[in-house]
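Everything below concerns the one structure shown next.
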Amino acid sequence: MFHEPWFDEAQAWQIARCASLKEILFEIPHYEGHPALWHLMLFLPAKLGFPYELTLKFFAIVAIGISGWLILFRSSFPLIVKCLLPFHYFIFYQNGVVSRPYSYMTLALLLMALTFKERNVKPLGFVLSMAFLCMLSGYGIVLAGGVAAAWTIEILIEKKWRIFDRSFWKDKRILELAALLALAILLVLQIMPQTNTFAFSIKRVNPAWVCLLYAFFAMLPDATLLNVLECEGMPKFSAFDTTQFALAVFVGIIFLIAIHLFSTKRNRLYFYIPYVFFSAFTGIVYFSAHHMGIPLIFFVFWFWIAFQDEERGCLFRKLFASVKLSEKDAKSLKTVGIFMALIPLLMPVVWTVVGSFNDIRGDYFASKKEAAFIKEHDLENCTFLVEWGEVIEEDWSEKEFFERVNAYGLDVSVDPVSVLPYFEHNFCLNLNRGNDRFAYATHRFASEEESREEFAWLRAQGAPDAIIGLVDLKTIYGDDASMNDYVPVYKISPRYIGVWKIFKTFGDSFKSRYIYLRKDLLDQYGVEEIEMK
């Protein structure tokens with residue numbers, strides 16, 4: 001009810017609303033980095049004019065509501081786990097309140113857990129659940145590929161590795177896995193990034209080994225106990241706090257040891273293979289902090305299937321049996337073990353409570369109020385320029401400006417995309433030339449020549465009526481326009497993605513920004529100049 005959608009939520013809606021079916025299926029996935037299913041789910045409601053926020057939130061609530069029901073009533077977890085897990089920060093808040101395809105990835109992984117036990121008798125349900133996971137995200141393809149690989153090894157062992165026997169290829173499990181592989185290949189081709197995909201044009205700061213160290217050991221502790229990556233941080237570019245990073249790696253090693261001791265030969269492969277696939281992929285290719293919930297939900301999937309195994313914890317029991325303890329000491333050790341096991345469940349519930357409070361109390365994102373101000377004064381009839389995502393330095397040369405500022409509607413700040421779902425028209429000149437068909441970020445990296453062409457087009461349109469943020473008018477218009485011609489009329493909330501675990505990330509430290517209107521238009525639109533603070 002209180003959450004203000006931010007850029008990533010708005011981007012998906014704008015693609016569904018503005019793009020054609022052909023673009024959603026064959027062009028946009030190369031730049032968005034995930035298959036088209038999420039955009040296809042939003043396609044009809046967005047095209048038919050359903051309300052933006054209500055529709056997005058409905059989709060997320062349905063997915064997480066069903067997921068919570070599955071955990072409570074269909075899992076074999078202990079009661080305390082059933083009661084705490086649906087309120088985990090990365091289930092309840094990041095996947096339930098923030099409306100993105102990860103809510104359906106949660107559902108897909110839980111459906112995989114639900115159908116796992118009968119996979120060898122009724123394989124179709126398990127395979128369809130994996131197919132569902134694949135269609136939602138590139139991460140889903142990696143995880144489903146790891147699970148499918150583990151299952152294939154299990155079948156090969158069962159068949160005594162006789163892959164040339166006719167019976168092997170007639171096995172319906174192998175046929176359905178082959179169909180899943182074909183689907184995965186098609187989806188990989190669908191999302192394979194183009195050479196000008198923006199996300200892959202940014203140079204990494206940290207070497208690959210640091211990213212892999214985070215992915216293999218620090219990721220799970222970060223999703224349950226610590227705060228190594230902050231908000232939109234990425235291992236490739238983040239300046240880690242050395243002490244906390246080392247602590248996370250240490251805790252991660254303990255987690256992996258505990259997982260190994262809890263596992264059995266039957267389910268061990270279903271953790272290690274997908275986990276190694278996922279960690280290698282995220283360490284080398286791409287990973288951001290809000291993706292942290294994906295390995296967490298994968299762990300829930302594995303924990304679910306591990307709990308169905310009657311021999312679970314056999315290595316723990318063997319370890320304790322080898323150590324001679326009194327009955328009292330054994331009981332005390334068991335109590336401490338249960339308490340330690342509950343901490344990674346309790347901490348994320350604290351994050352959920354604090355994060356929900358912060359979301360209700362403040363603005364998760366400024367776009368909703370910003371849109372309300374624009375709508376109240378009919379400013380959508382104006383032409384806007386929005387500041388670029390790159391912070392422009394005053395001493396930049398013209399050449400450096402055109403090299404570093406991506407003018408293709410790719411690197412404008414998140415304002416226009418997050419504001420435009422509240423309007424029917426793209427009034428932002430530097431978001432794909434104000435084209436209503438492309439009122440979303442295309443994520444295409446522009447060359448210097450293309451940037452110059454875009455700025456030449458902007459110059460030909462004349463100075464804008466309004467500006468959001470700070471724009472270097474002199475570089476674009478020369479002496480024909482100046483910020484002295486504009487006055488501030490609305491202060492944009494400085495909080496940017498203000499909720500992350502128990503923190504208000506970037507909140508008070510983020511610079512204040514304003515909507516500026518040309519002085520000669522103040523009376524026409526009935527707005528007044530405000531004081532800049």
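The values are calculated or read from the model by the stated rules, or taken from the named source; none is laboratory data. Note that the structure is predicted; figures quoted are calculated from it, not measured. Here the Cβ is made from the backbone with ideal geometry for all residues, glycine too, and neighbour counts use every protein chain on show. Just so you know, the surface numbers come from the protein's heavy atoms only, side chains and all, with ligands and any DNA or RNA stripped out. Shrake-Rupley method; radii C 1.70, N 1.55, O 1.52, S 1.80 Å.
Step through the residues of the stretch 297-310 one at a time and calculate ³J(HN,Hα) from phi using the Karplus curve (6.51 cos²θ - 1.76 cosθ + 1.60, θ = phi - 60°), rounding each to whole Hz and writing x for Gly and Pro.
So the Karplus estimates, Gly and Pro as x, are 5, 4, 4, 4, 4, 5, 4, 4, 6, 5, 5, 7, 7, 5 Hz.
Does anyone have the angle between helix 102-116 and the longest principal axis of the chain? Alpha-carbon axes, 0 to 90°, nearest 10?
Computed tilt is about 20 degrees.
Thinking of the stretch 441-492 as a set of Cα atoms, what percent of all their pairs are more than 13 Å apart?
That tail contains 65 percent of the Cα-Cα pairs.
With every protein chain present, what is the per residue accessible area of the chain (1.4 Å probe, Å²)?
47 Å²
Report the charge-dipole magnitude of the stretch 37-166 in Debye, nearest 20, computed about the Cα centre from +1 at each Lys and Arg Cβ and -1 at each Asp and Glu Cβ.
240 debye
For the stretch 180-283, compute Rh as the Kirkwood radius over C-alpha pairs and then the Stokes-Einstein diffusion coefficient at 20 °C and 1.002 mPa s; write the answer in µm²/s, rounded to an integer.
Result for D is 137 µm²/s.
Taking the Cα centre of the chain as the origin and placing charges on Cβ (Lys, Arg +1; Asp, Glu -1), which of Phe43, Val323, Ile91 is farthest toward the positive end of the dipole?
It is Val323, whose Cα lies furthest towards the positive end.
Each residue of the stretch 248-258 in order: what ³J(HN,Hα) in whole Hz does its phi give by Karplus 6.51 cos²θ - 1.76 cosθ + 1.60, θ = phi - 60°, with x for Gly and Pro?
3J(HN,Hα) across the stretch 248-258, in whole Hz: 5, 5, 4, 5, x, 5, 5, 4, 5, 5, 4.
How many percent of DSSP beta bridges within the chain run antiparallel, rounded to 5?
Roughly 75 percent of the DSSP beta bridges within the chain come out antiparallel.
Can you give me the long-range amide H partners of Arg444? Hydrogens built in the peptide plane at 1.01 Å from N, cutoff under 5 Å, separation of 5 or more residues or another chain.
Here Phe198 satisfy the definition.
Dipole of the chain, Cα-centred, from +1 at each Lys and Arg C-beta and -1 at each Asp and Glu C-beta, to the nearest 20 debye?
3840 debye
Evaluate the relative contact order of the stretch 110-223 (contact order divided by residue number), counting alpha-carbon pairs under 8 angstrom at least 6 apart; express in whole percent.
Reported relative contact order: 23 percent.
Tell me the label-point distance for the pair Ser482, Trp169, using the 7 Å Cα-to-Cβ offset, in nm and rounded to one decimal.
So the label points at Ser482 and Trp169 sit 8.0 nm apart.
Per-residue counts of other Cβ atoms within 10 Å, averaged by peptide: what ranking do you get for 128-141, 246-259, highest first?
For the peptides 128-141, 246-259, the packing ranking is 128-141, 246-259.
Give me, ordered by chain and number, the residues 5 or more places off Gly233 or on other chains with an amide H under 5 Å from its own placed amide H.
Amide H to amide H, under 5 Å and 5 or more residues apart or across chains, Gly233 pairs with Ala289.
Take Lys47 and Asp329, extend 7 Å from each Cα along the Cα→Cβ direction, and tell me the distance between the two endpoints in nm.
According to this spin-label approximation, the distance is 7.0 nm.
Work out, step by step, the length gained on full extension between Lys160 and Gln244: first 0.36 nm times the residue separation, then minus their alpha carbon distance; give nm to one decimal.
Result: 25.6 nm gained on full extension.
Taking each pair of different alpha-carbon atoms in the stretch 1-51 once, compute 1/r for the pair, average those values, and report the inverse of that mean as the Kirkwood hydrodynamic radius in Å to one decimal.
Computed over Cα pairs of the stretch 1-51, the Kirkwood hydrodynamic radius comes out at 11.3 Å.
Find out how many positive minus negative residues lie around Lys159, taking Lys and Arg as positive, Asp and Glu as negative, among other residues whose Cβ is under 14 Å from that of Lys159.
Here the count lands on +2.
Expressed as a whole percentage, what fraction of the accessible surface of the stretch 1-113 belongs to carbon and sulfur atoms when a 1.4 Å probe is rolled over the protein heavy atoms?
Accessible surface attributable to carbon and sulfur in the stretch 1-113 totals 76 percent.
Given H placed on each backbone N at 1.01 Å, which residues far from Tyr514 in sequence or on other chains put an amide H within less than 5 Å of it?
Those lying under 5 Å, H to H, from Tyr514 are Gly469, Ile492.
Summing +1 for each Lys or Arg and -1 for each Asp or Glu, what net charge is found among the other residues whose Cβ lies under 11 Å from the Cβ of Ser263?
Overall, the nearby charge balance is +2.
For the stretch 270-361, what is the charge dipole size about the Cα centre, in debye to the nearest 20, if Lys and Arg each add +1 at the Cβ and Asp and Glu each add -1 at the Cβ?
300 debye
Each residue of the stretch 276-293 in turn: what ³J(HN,Hα) in whole Hz from Karplus with 6.51, -1.76, 1.60 and θ = phi - 60°, glycine and Pro shown as x?
Result, ordered by residue: 5, 4, 5, 5, 5, 5, 5, x, 9, 9, 6, 6, 10, 4, 6, 7, 4, x Hz.
For the stretch 58-193, what does the alpha-carbon gyration tensor say about shape, rounded, prolate or oblate, given a ≥ b ≥ c as the root eigenvalues, a/c under 1.5 as rounded, and a/b over b/c as prolate?
In terms of gyration-tensor shape, oblate.
Which order, highest average first, do 268-276, 207-215, 6-14 follow once you tally other Cβ atoms within 10 Å for each residue and take the mean per peptide?
The packing order, highest mean first, is 6-14, 268-276, 207-215.
Take the Cβ-Cβ distance between Leu521 and Arg437 as r, set R0 to 22 Å, and report the resulting FRET efficiency rounded to the nearest 0.05.
0.20
Rg (Å, one decimal) plus Dmax (Å, integer) for the alpha carbons of the chain?
According to the Cα coordinates of the chain, Rg and Dmax are 25.7, 87 Å.
Suppose only helical runs count, i.e. DSSP H with n ≥ 4. What mean residue ellipticity at 222 nm does that imply for the chain under -39500 (n - 2.57) per run, divided by all residues and rounded to the nearest 500 deg cm²/dmol?
-17000 deg cm²/dmol
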